[in-house]
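The values are calculated or read from the model by the stated rules, or taken from the named source; none is laboratory data. Please read these numbers as outputs of a predicted model, since none were measured by experiment. Reconstructed Cβ throughout: ideal geometry from the backbone, glycine too, with neighbour counts over all protein chains shown. Ligands, DNA and RNA are excluded from the accessible area calculation, which covers all protein heavy atoms including side chains. Shrake-Rupley method; radii C 1.70, N 1.55, O 1.52, S 1.80 Å.
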Amino acid sequence: MGERMKVTIVGLSLFAKRLAENLSAYDPKNSYKSLDTYHNNLDKVKATLRIPKSDCVFSINGTVQTSKAFDLALKKKIPVIMNWVGTDVVNAIRAHNAGDYRKEYITDAIHFCEVHWIQEELKELGINAEIVNFAAFEKSFELKKASSEKFTVLSYIPEVRADFYGIDSFISLANKFPEINFVIAGSEAKEYQPFPSNLKALGWVDTMGDLYDKSHVTVRFPEHDGLSTFILESLARGKKVLYKYPFNYCEHCPDHDKLEKSVQELYDEYKEGKSLINEDGADFIESNFNSERILGELIERFKQLKDRK
């Protein structure tokens, strides 16, 4: 039996923690540990001890600017995988154009991303990234009609940079369609209040299940995006999805006019008594984002790197 593989996961702490937990449950024979090297001082110390003994450092977030974790890994010849997720690409292009970048991060790290448009943007940096996903769904959800008596549209908009994530467009939709319920999770957006009476901002929500169950449609309309987990989970739960980017079984809404038109069309279907359950979207997630496919592929990549050492 081979030596236990050790993978250290850094980057965006919420997703890093979730991925480490999922990998550990799926593959308990090996060691997967997330460390918040951005904000947690104890984890920063732990990183200095764990990274040199790791077989791989996997980061959910890429950068071309100095990172102590990446420097330590590369110095110790530990493979680094940067999984680029969205805004990190915009920041990296800006830094690169300003001459504030580390060439070895581009040439010596391994680069993944989740979708083709991020893959294309990374080429501006001279990065040829592979499309490899990390978000996995353990089970298929029961597909059923939305429980809300009124037609309900849900969006996830973080507290920080709500404008970047499309809150103005969402408020505009609420004003345009006073007979529809609009719900924001993730932000209270107090600086944008008072809202129209048909719009509620709930702030941080620990579990989104009830909100998905009540909603007929979900919306993701940021200035720039990677492949949002909100999109994947919406599809997994059989929701109609309006997305600014083109993605499987989502309605592509590249501008506000198309977003408005799509809401109207779905509302008309709802009034005609149609269920609006997105069965094809749910089947797509179950087939392509199950644990065996997503986590199994990641683990195989990690093992290949370990075998090369």
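Quick check: anything in the range 269-288 under 16 Å from Tyr165 (Cα atoms) and open to solvent by 10 Å² or more (accessible area, probe 1.4 Å)? Even if it seems obvious, please write down each step before you answer.
Looking only at the range 269-288, we keep the residues that are under 16 Å from Tyr165 (Cα atoms), and these are none.
No, because not a single residue in the range 269-288 is under 16 Å from Tyr165 (Cα atoms) and open to solvent by 10 Å² or more (accessible area, probe 1.4 Å).
Hey, among Leu266, Leu259, Leu295, which residue is under 23 Å from Thr207 (Cα atoms) and of a type outside the set (Lys, Arg)?
Values: Leu266 fails: under 23 Å from Thr207 (Cα atoms); Leu259 fails: under 23 Å from Thr207 (Cα atoms).
Leu295 is the lone residue from the list that is under 23 Å from Thr207 (Cα atoms) and of a type outside the set (Lys, Arg).
Report whether or not Asp163 is open to solvent by less than 30 Å² (accessible area, probe 1.4 Å), closer than 26 Å to Ile60 by Cα, assigned to a loop (DSSP other than H, G, I, E, B) and of a type in the set (D, E, K, R).
Details: open to solvent by less than 30 Å² (accessible area, probe 1.4 Å): no; closer than 26 Å to Ile60 by Cα: yes; assigned to a loop (DSSP other than H, G, I, E, B): yes; of a type in the set (D, E, K, R): yes.
Considered against the rule, which asks whether it is open to solvent by less than 30 Å² (accessible area, probe 1.4 Å), closer than 26 Å to Ile60 by Cα, assigned to a loop (DSSP other than H, G, I, E, B) and of a type in the set (D, E, K, R), Asp163 comes out as no.
For (1) touching a residue at least 60 places away in the same chain (Cβ under 8 Å); (2) under 24 Å from Phe230 (Cβ atoms); (3) among the charged types (D, E, K, R), each residue gets a yes or a no:
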| position | (1), (2), (3) |
| --- | --- |
| Asp71 | no, no, yes |
| Ile78 | no, no, no |
| Met82 | no, yes, no |
| Ala92 | no, yes, no |
| Gly99 | no, no, no |
| His111 | no, yes, no |
| Asn128 | no, no, no |
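Any idea which residue in the range 1-34 is nearest to Phe137 (Cα to Cα), counting only those that are in contact (Cβ under 8 Å) with a residue 24 or more places away in the chain and open to solvent by 90 Å² or more (accessible area, probe 1.4 Å)? If you could, list the steps in order and put the result at the bottom.
Step one: list which residues in the range 1-34 are in contact (Cβ under 8 Å) with a residue 24 or more places away in the chain, which gives 4-13, 15-16, 19, 22-23, 26-27, 29-34.
Still in the running and open to solvent by 90 Å² or more (accessible area, probe 1.4 Å): 4, 26, 29.
Numbers: Arg4: 25, Tyr26: 12, Lys29: 21 Å.
The qualifying residue nearest to Phe137 (Cα to Cα) is Tyr26.
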Quiz item: Taking the range 293-309 as the region of interest, how many residues are open to solvent by 20 Å² or more (accessible area, probe 1.4 Å) and at pLDDT 90 or above?
Solution: 7
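Residue by residue, here is whether (1) among the aliphatic types (A, V, I, L, M); (2) part of a helix (DSSP H, G or I); (3) closer than 27 Å to Glu120 by Cα; (4) at pLDDT 95 or above holds:
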residue: Ile231; (1), (2), (3), (4): yes, yes, yes, yes
residue: Ser234; (1), (2), (3), (4): no, yes, yes, yes
residue: Asn248; (1), (2), (3), (4): no, no, yes, yes
residue: Lys258; (1), (2), (3), (4): no, yes, yes, yes
residue: Tyr267; (1), (2), (3), (4): no, yes, no, yes
Exercise. Return only the number of the condition from (1) without any contact (Cβ under 8 Å) to a residue 12 or more places away in the chain; (2) surrounded by 13 or more Cβ atoms within 10 Å (Cβ to Cβ); (3) of a type in the set (Lys, Arg) that Lys123 does not satisfy.
Key: (2)
Exercise. Go through the range 35-55 and give me each residue that's surrounded by fewer than 18 Cβ atoms within 10 Å (Cβ to Cβ), more than 25 Å from Glu3 (Cα to Cα) and in contact with a strand residue (DSSP E or B) (Cβ under 9 Å, 6 or more places away or on another chain).
Key: Tyr38
Practice problem: Take the range 58-80 and flag every residue that is over 21 Å from Ile118 (Cα atoms) and either surrounded by 23 or more Cβ atoms within 10 Å (Cβ to Cβ) or in contact with a strand residue (DSSP E or B) (Cβ under 9 Å, 6 or more places away or on another chain) (or both). | Solution: Ser67, Ala69, Phe70, Leu72, Ala73, Leu74, Ile78, Pro79
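If we keep just the residues of the range 177-213 that are aromatic (Phe, Trp, Tyr) and in a loop (DSSP other than H, G, I, E, B), which is surrounded by the fewest Cβ atoms within 10 Å (Cβ to Cβ)? Don't jump to the end; show me each part of the working.
At the first step, the residues of the range 177-213 found to be aromatic (Phe, Trp, Tyr) are 177, 182, 192, 195, 204, 212.
Filter once more, keeping what is in a loop (DSSP other than H, G, I, E, B): 177, 195, 204.
Numbers: Phe177: 18, Phe195: 16, Trp204: 10.
Looking at residues that are aromatic (Phe, Trp, Tyr) and in a loop (DSSP other than H, G, I, E, B), I get Trp204.
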Practice problem: All but one of (1) within 19 Å of Ser67 (Cα to Cα); (2) open to solvent by 30 Å² or more (accessible area, probe 1.4 Å); (3) modelled with pLDDT of 95 or more; (4) under 17 Å from the mean Cα position of the chain (by Cα) hold for Asp108, so report the exception by its number. | Solution: (4)
Quiz item: Does any residue of the range 282-305 turn out to be under 18 Å from the mean Cα position of the chain (by Cα), assigned to a loop (DSSP other than H, G, I, E, B) and closer than 24 Å to Asp210 by Cβ?
Solution: yes
